[in-house]
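**Q** My structure is below; once you've seen it, I'll send some questions.
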There are 2 protein chains.
Amino acid sequence: MAIQTSEQTLLKVLEDKATRLRIDSVRATTEAASGHPTSCASAAEIVSVLFYSVMRYDPHDPRNPDNDVFVLSKGHAAPVLYAAWAEAGAFPREKLLTLRRIDSDLEGHPTPRLPFVDVATGSLGQGLSVGVGIALNAKELEHSNQRVFVLLGDGESAEGSVWEAAQWAAHRGLSNLCATIDINRLGQSQPTMLEHHLEIYKARWEAFGWQALTVDGHSIPELLGAYEKARLTTDRPTIVLARTLKGKGFAGIEDHENWHGKALDKDTAAKAVSSLEKKLLGADGEWKPNFPASSPRSAKAGPASRTLTAKPPYAIGGKEVATRKAFADALAALAKADPRVVALDGDVKNSTYTEEFERVAPDRFFEAYIEEQNMTGIAMGLAARGKVPFASTFACFLTRAYDFIRMAAISHLNIKFVGTHAGVSIGEDGPSQMGLEDLAMMAAEPNFTVLYPSDATSAWKAVFLLAERAGPGYLRTGRPNTPILYGPDEEFAIGKCRILRKSDQDKALLVAAGVTVFEALEAYNELQKNGIPVRVIDLFSIQPIDRATLIESARAVGGLVVTVEDHYVHGGLGDAVLSALAQESVKVSKLAVGSIPRSGKAKELLDEFGISAPHIVNAVKTIISRER
Amino acid sequence: MAIQTSEQTLLKVLEDKATRLRIDSVRATTEAASGHPTSCASAAEIVSVLFYSVMRYDPHDPRNPDNDVFVLSKGHAAPVLYAAWAEAGAFPREKLLTLRRIDSDLEGHPTPRLPFVDVATGSLGQGLSVGVGIALNAKELEHSNQRVFVLLGDGESAEGSVWEAAQWAAHRGLSNLCATIDINRLGQSQPTMLEHHLEIYKARWEAFGWQALTVDGHSIPELLGAYEKARLTTDRPTIVLARTLKGKGFAGIEDHENWHGKALDKDTAAKAVSSLEKKLLGADGEWKPNFPASSPRSAKAGPASRTLTAKPPYAIGGKEVATRKAFADALAALAKADPRVVALDGDVKNSTYTEEFERVAPDRFFEAYIEEQNMTGIAMGLAARGKVPFASTFACFLTRAYDFIRMAAISHLNIKFVGTHAGVSIGEDGPSQMGLEDLAMMAAEPNFTVLYPSDATSAWKAVFLLAERAGPGYLRTGRPNTPILYGPDEEFAIGKCRILRKSDQDKALLVAAGVTVFEALEAYNELQKNGIPVRVIDLFSIQPIDRATLIESARAVGGLVVTVEDHYVHGGLGDAVLSALAQESVKVSKLAVGSIPRSGKAKELLDEFGISAPHIVNAVKTIISRER
């Protein structure tokens, strides 16, 4: 423990801190007239013991990479997190009263606007996966002695993602990870499935490979004992199952239903605060922080991105290569260029080809198994700690992690997603394996960079571009082998498209990406034979989009545009182009997959679902004829 | 058992059936030159025992509602499922050789194009939740003695959704549910986390409240014994943990890595088939199906939708009501009108107000707890069995279930999703609680009806419209109370918008929906004062969209359009309107949430993120001035 004093004094200090956390949580939420004071009250002793005895950190330097880490998975208890840092001296207590105001960073749920928050929480069931990622970074990548503490609610432990994280952390033996469940028995709308049956929780967590300790979550000595046991356990993670009462310490509210997410009115709050103040023992002045030992980690800061210059090995007219394969080739090259880069995959590394990365950098490759949510959460934790994670699986299976992806966007993390097997062009496996809504999903996130290369060279370049660009990104790749369109020195940039065919007589503009670029080029040839010259663009960058070039090209051809994509109709490439041209006098014909597809050969399906060369030719002829 | 013969004969019959299933799986996949024969081989005895001894069903009437149900969660083993039904007599064996062809319904992964498939599988970890929904329907709604059997792979049991389903089924005591895990040790790319450690599986499933039985998955007597135990167990579901070998019975392939999803070449296949044929005992001719007892269920067919005519209780100018509240009011009314309607909610029934439905129809309300994926899977199972499930939670948390939603679309299920708390207008809770990508997500699914009402009356009508329209649908609702715009007799229809303001002098068209309709009306008044008449549309139906009215209105105002939505920029209302007007000479200014929002008051946030009345006024003035 941090301070030169007796066990007795420590207990008093932690008791007073817990009381102050309750008082501050009530004051802030009542001032805001909304929030979750009862969810803070159940966790007060847990937070007090962790922040003021167990964790080693510098309260005045929350971003110190050597600090132990606290992840509040039950993000609605934000006020107790804010109170804990204020109490530790990170900022003045008065600021707590700005909770939930538009001019305050003390938001309703924690976000990384605050220096002591790694990842936004508030969508339940995500914090443990994030903690796994941070613990993995400390134990296996930084070899630091940093420890990671996650606080979950009992309601959220129904989320399957929690059990994905649980089994993976145990499989990996992450003994530097210690989670606590604040088992206050009450969900938002009714009691949880397990209420206070701690023995069932214990059996489940032990079966999932964790050391599981049950305690009275309001007993400071029991909590101290449990966390000490966790510290001494070196072979597996520890879960502290804390029996608590929601609204603990608030007369007439404690353990009552219908008090979730409700602030106390001013009178009730005043009464609660004064009765809490009476409990204060005046001991908490004694506390001094427990600073972390500095680790070699800080020396290991990642290199600048200038190193990211490896050249793609593909030659125009050479052997056909799938964009998914080129992604993996590039990622393996990137592994050598940048030690910050890590890769995760969901038991498809022999389809995404990330097994190449594993061969080159086995200690930076993490098999996530069939747990797309946990894979994403781990990547979020790694990104929050300075790594550059690439998380890959079939594009369709990234839909499994959309809630995590959404929170990664809110957290502005430097995380990269790669979806392979985009569209109907995967062929016989059928619709369940086809990524047809991934552009809608990813581009909806306003801070996501979304790249969709057509050939191996551009796919390779896209990987390096995403690595160099800080922030969340998505790379869409395809299954089939396709010709090489670009030489190794071709310049690609985020927000820039490529014009593949162009003349002064062009009658229409074709905008394609990925596999449909080759259909567009075939259509171009057919249209040439018919004396209809068209301009062909490989869009490459879906978001940001090359608005200037699209506008210029659309104007040059007289405003007739045909878009074609191996994606559903809504939210894809066509809509991105329409949006870019929204204020232009253009007429756009959008070709996309308009109904639920089926199994078949790739070529058959491109034709069946209206995105093959003949359909493009017809669309061009139709849109031109309408103008006559 | 079905047939009048000795135990010995039964064993021989089931052994021969298993051998034939292997032969047919090899033949079909080799003919298709793709597929997963080794994943079929590990399950051959399990499928043989279930289909030819345990399950009661009419092979010639796969849609018979009294049949016991089989759900193949490990959808990549489709060939063994198809072989099982062919072997049972549902269709001629020759058809198996059309596997994966574009002209065949025997797709790479099972879809409901086939009469014996309830829900498409192939995205792993979903089948158990679907089975829970079907078992729930049989036990608690139909009170039939139907039993439900789910076959999972071991790799997929890493998916958290499996554990959501597990705990929920046990909590509910669904003893008519029996799942089997085909534990063949090998995932797609490497061994699973648990390989053949059946004792760990057993501990986990027991901790989650199931009867867990471990067997040799290639021993027919052990399998028969386990399923008999399951039949006799009346207090909880049973899981059969079957130790198997991937590629069992294929020399040189059995239990080897790198054989996932690979068809045998013609020579290897021929050798495998001939050695399998040598094992045949010639007993399988003996088999006769085990027909189901008919239940009262057939009498209970749902009523026609003509009954769905209750009137909304809101008056123009009356008390303000939130659209989420109106949804719940309507759903409660619908509960009385239509016994097929059921409701599920993810521990937010006091925010979505589905507690009103629970009050009216407690036996048709199911608390799904914080398990959005399992909630969706249960709803999929219920929909597959003729119910009309409404699954509700905050719009943002439906992203958690996107992979399930995607599979519901592929399955063309009659399932309805309701997202509440859409957009920044929820206020202080902050971005983690704001649904800002739900329109992109839902409208991307080509067969989804997507409605976004602005007031309580239209929200009420939307609920009835979705109930009457067969197929998947989404209703977007908001948190704040808003004025009543429409009288109880106002007509609403899927694919129809409402024109709220109109004159012959209109200079621009405003298209809004939900909360932004009120901002548009405020902008209209301000613009009137400035002598700028505009047309105002409440879009209501995002998909299908009222293309005709939008085109007519855009033309009437000279082609200047401003869209405004409480959603991110990509994939929302604005893009839907742009797409509808793609071939018109229009100029569209799209107002939407362009960056990650934050906590604040609703009004402040609408203004901060550019979708409030003043921003609309500016957008109209700007777009008009550009034309001068």
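The values are calculated or read from the model by the stated rules, or taken from the named source; none is laboratory data. Everything numeric here is computed off the predicted structure, so don't read it as measured data. Cβ coordinates were reconstructed from backbone atoms using ideal geometry, including for glycine residues, and neighbour counts include every protein chain displayed. Just the protein is used for accessible areas: all its heavy atoms, side chains included, with ligands, DNA and RNA removed. Shrake-Rupley method; radii C 1.70, N 1.55, O 1.52, S 1.80 Å.
**Q** Leaving out ligands and nucleic acids, and using a 1.4 Å probe, what accessible area per residue does the protein assembly as shown come to in Å²? Let's see the in-between values first.
**A** Working: 38070 Å² over 1256 residues.
With the other protein chains kept in place, the protein assembly as shown gives 30 Å² per residue.
**Q** Next question. Working only with C-alpha atoms, what are the Rg and Dmax values of segment B:334-377, expressed in angstrom?
**A** Taking only Cα atoms of segment B:334-377, I get Rg and Dmax of 10.2, 29 Å.
**Q** Could you state how much accessible area A:His109 has, in square angstrom rounded to the nearest 10, with a 1.4 Å probe and all protein chains kept in place?
**A** Roughly 10 Å² of A:His109 is accessible to a 1.4 Å probe.
**Q** Test of understanding: express the Cα radius of gyration of the protein assembly as shown as a ratio to 2.2 N^0.38 Å, with N the residue count.
**A** Here the answer is 0.91, to two decimals.
**Q** Could I ask something else about it? Measure of size requested: the Rg and Dmax of segment A:348-443, with Cα atoms as the atom set and Å as the unit; please supply both.
**A** 13.4, 41
**Q** Another question about this same structure. Give the residue from B:Ile183, B:Ile134, B:Gly122 lying farthest towards the positive end of the charge dipole for segment B:81-208; charges sit on Cβ (+1 for Lys and Arg, -1 for Asp and Glu) and the dipole is referred to the Cα centre.
**A** Going by the charge dipole, the pick is B:Ile134.
**Q** Right, something else. Roughly how large is the B-A contact in terms of buried accessible area, totalled over both chains, probe 1.4 Å, nearest 100 Å²?
**A** So the total buried area for this chain pair works out to about 8800 Å².
**Q** Which translational diffusion coefficient, to the nearest whole µm²/s, is obtained for segment A:447-529 from the Stokes-Einstein equation, given a Kirkwood hydrodynamic radius over C-alpha pairs, 10 °C and 1.306 mPa s?
**A** 113
**Q** Separate question: For peptide A:593-606, what's the mean number of Cβ atoms from other chains within 10 Å of each residue's Cβ?
**A** 4
**Q** Let me ask something else. What does the net charge come to around B:Leu475 if you take all other residues with beta carbon closer than 12 Å to its beta carbon, with K and R at +1 and D and E at -1?
**A** That sum, taken over residues with Cβ under 12 Å, equals +4.
**Q** Shifting gears a bit: At a Förster radius of 51 Å, what calculated FRET efficiency corresponds to the Cβ-Cβ distance of A:Gln8 and A:Arg113, to the nearest 0.05? Numbers along the way, then the final one.
**A** Details: r = 40 Å, r/R0 = 0.78.
For R0 = 51 Å, the calculated efficiency reads 0.80.
**Q** Of A:Arg147, B:Arg359, A:Arg101, which has the most accessible area and how do the rest follow, probe 1.4 Å?
**A** Heavy-atom accessible area, descending, gives B:Arg359, A:Arg101, A:Arg147.
**Q** In segment B:86-128, which residues give up 50 Å² or more of accessible area once the other protein chains are added, compared with their chain alone (1.4 Å probe)?
**A** The answer is B:Arg100, B:Ile102, B:Glu107, B:His109, B:Arg113 - residues whose exposure falls by at least 50 Å² when every protein chain is included.
**Q** Using a 1.4 Å probe, how large is the accessible area of A:Asp103, given in Å² and rounded to the nearest 10?
**A** Counting only protein heavy atoms, the figure is 110 Å².
**Q** Got the relative contact order for chain A handy, in percent, Cα pairs under 8 Å and 6 or more residues apart?
**A** 12
**Q** Can you send over the carbon and sulfur percentage of the accessible area for segment A:538-578, probe radius 1.4 Å, protein chains only? List each step's numbers first, then the result.
**A** Values: 480 of 900 Å².
Carbon-and-sulfur percentage of accessible area, whole number: 54.
**Q** Please calculate the 1.4 Å probe accessible area of B:Glu199, with all protein chains present, and give it to the nearest 10 Å².
**A** B:Glu199 has an accessible surface of roughly 110 Å² with all protein chains in place.
**Q** Relative contact order for segment B:3-80 using alpha-carbon pairs under 8 Å, separation at least 6, rounded to a whole percent?
**A** Worked out over segment B:3-80, it gives 37 percent.
**Q** With Kirkwood's inverse mean 1/r over C-alpha pairs for Rh, give me the Rg to Rh ratio of segment B:141-248, two decimals please.
**A** 0.97
**Q** If you don't mind, there's one more thing I want to ask. If one computes the Cα centroid of segment B:14-42 and of segment A:150-194, what distance in Å separates the two points?
**A** Each part reduced to its Cα centre gives a spacing of 41 Å.
**Q** Let me ask something else. Along the Cα-to-Cβ line of B:Glu627, 7 Å from the Cα, sits a label point; which residues in segment B:495-509 have backbone N less than 12 Å from it?
**A** Flagged as within label range: B:505-509.
**Q** Another question, then. Compute the distance from the alpha-carbon center of segment A:479-507 to that of segment A:198-232, in whole Å.
**A** Between the Cα centre of segment A:479-507 and that of segment A:198-232, the gap is 58 Å.
**Q** Please quote Rg/Rh for segment B:412-495 to two decimal places, taking the Kirkwood radius as Rh and restricting both calculations to Cα atoms.
**A** Details: Rg = 13.3 Å, Rh = 13.6 Å.
Across segment B:412-495, the Cα-based Rg/Rh ratio is 0.98.
**Q** Also: Indicate the gyration tensor shape class of segment A:541-628 (rounded, prolate or oblate), computed on the Cα atoms with a ≥ b ≥ c the square roots of the eigenvalues: a/c under 1.5 is rounded; otherwise a/b larger than b/c is prolate and the rest oblate. Let's see the in-between values first.
**A** Details: a/c = 2.55, a/b = 1.47, b/c = 1.74.
Judged from the Cα gyration tensor, segment A:541-628 comes out oblate (a/c at least 1.5, b/c at or above a/b).
**Q** Counting only protein heavy atoms, probe 1.4 Å: which residues of segment B:416-437 lose 10 Å² or more of accessible surface in the full assembly compared with their chain by itself?
**A** B:Glu428, B:Asp429, B:Pro431, B:Ser432, B:Gln433, B:Glu437
**Q** Less than 11 Å Cβ to Cβ from B:Ile134, Lys/Arg counted +1 and Asp/Glu -1: what total charge do the surrounding residues give?
**A** My count for the surroundings of B:Ile134 gives +1.
**Q** Follow-up. Give me the Debye-computed log₁₀ of I(q)/I(0) at q = 0.14 Å⁻¹ for segment A:56-125, equal point scatterers on Cα only, no solvent, two decimals.
**A** Each listed q maps to, in turn, -0.38.
**Q** Which whole-number percent is the relative contact order of segment B:340-412 (Cα, under 8 Å, 6+ apart)?
**A** 40
**Q** Right, another one. Let me make sure I get this right: for segment A:459-596, a, b and c are the square roots of the gyration tensor eigenvalues over alpha carbons, sorted descending. Under 1.5 in a/c it's rounded, otherwise prolate if a/b > b/c, else oblate. Which is it?
**A** rounded
**Q** Using alpha carbons only, how many angstrom separate the centre of segment B:235-298 from the centre of segment B:539-564?
**A** Each part's Cα centre sits 56 Å from the other's.
**Q** Hey, another quick one. Roughly how crowded by other chains is peptide B:402-409, in terms of the mean Cβ count from those chains within 10 Å of each of its Cβ atoms? Display every interim value, and only then the final one.
**A** Details: counts 10, 10, 2, 3, 12, 4, 0, 5.
Partner-chain Cβ atoms within 10 Å, mean over residues of B:402-409: 6.
**Q** Further question on the same structure: Which translational diffusion coefficient, to the nearest whole µm²/s, is obtained for segment B:479-522 from the Stokes-Einstein equation, given a Kirkwood hydrodynamic radius over C-alpha pairs, 20 °C and 1.002 mPa s?
**A** 172
**Q** Next question, about the same structure. Order A:Phe365, A:Phe518, B:Phe291 by their accessible area, 1.4 angstrom probe, all chains in place, largest first.
**A** B:Phe291, A:Phe518, A:Phe365
**Q** Along its principal axes, what span do the Cα atoms of segment B:226-379 show, with the longest given first and each in whole Å?
**A** Dimensions of segment B:226-379 along the principal axes of its Cα atoms: 80, 39, 33 Å.
**Q** Pull out a ≥ b ≥ c, the square roots of the eigenvalues of the alpha-carbon gyration tensor of segment A:198-289, then state rounded if a/c is under 1.5, prolate if not and a/b is larger than b/c, and oblate in the remaining case.
**A** oblate
**Q** Suppose every Lys and Arg Cβ carries +1 and every Asp and Glu Cβ carries -1, with no other charges. What dipole size does segment B:220-265 come out with about its Cα centre, to the nearest 20 debye?
**A** That gives a dipole near 180 debye.
**Q** Taking the C-alpha atoms of segment B:358-405, how large are the radius of gyration and the largest Cα-Cα span, Dmax, in Å?
**A** Rg then Dmax for segment B:358-405, in Å: 10.9, 31.
**Q** Separate question: In deg cm²/dmol and to the nearest 500, what is the mean residue ellipticity at 222 nm of chain A if only DSSP H runs of at least 4 residues count, each as -39500 (n - 2.57), divided by the residue total?
**A** -11000 deg cm²/dmol
**Q** If you don't mind, another one. Peptide A:581-590: average number of partner chain Cβ atoms within 10 Å per residue?
**A** Working: counts 4, 12, 9, 4, 5, 6, 6, 6, 2, 4.
What the average comes to for A:581-590 is 6.
**Q** Please state, as a whole number in µm²/s, the translational diffusion coefficient that the Stokes-Einstein equation yields for chain B at 10 °C and 1.306 mPa s, with Rh defined as the Kirkwood radius across alpha carbon pairs.
**A** Once the numbers are plugged in, D ends up at 61 µm²/s.
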